[in-house]
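Step one of this worksheet: look at the structure below.
The values are calculated or read from the model by the stated rules, or taken from the named source; none is laboratory data. Just so we're clear, the structure is a prediction, and the values are computed from it rather than from any experiment. Cβ: placed from backbone, ideal geometry, glycine included. Neighbour counts: every protein chain shown.
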Amino acid sequence: MAGGWARDGAVSEQIEASINDELARLKAAKRPQGESLTHCAECEEPIPEPRRQALPGVKLCIECQQERDAVRAPRAGINRRGSKDSQLK
């Protein structure tokens, strides 16, 4: 059942598109692979062995990784649906 100007199945398509977008974003932000460094690539501090075992391919110490994660811009959500009021303007 569609409401307003939406065709049948439009809401399901919107949900599926949002899920596919999020999956693509997660795949792009995959964890590092390969051999871990023994020292941080930014500050040269030793990377603890448990961290290297938990995250194969890690290149940064915990502090540098936290700083980098804090700087990342939050992703912009997309409102695919919009309100009916905005469609009438």
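Of all residues in the range 32-54, those that are closer than 18 Å to ARG68 by Cα have Cβ atoms under 8 Å from Cβ atoms of residues that are loosely packed, with under 13 Cβ neighbours inside 10 Å and of a type in the set (D, E, K, R), 6 or more apart or on another chain, in CYS43/GLU63; GLU45/GLU63. For SER18, the conditions (1) at pLDDT 80 or above; (2) over 15 Å from the mean Cα position of the chain (by Cα) all hold with the exception of (2). Go through ARG68, ARG25, ARG80 for me and flag whichever is assigned to a loop (DSSP other than H, G, I, E, B), of a type outside the set (A, V, I, L, M, F, W, C) and either modelled with pLDDT under 90 or in contact with a Gly (Cβ under 6 Å, 6 or more places away or on another chain) (or both). Checking each option against the conditions leaves just ARG80.
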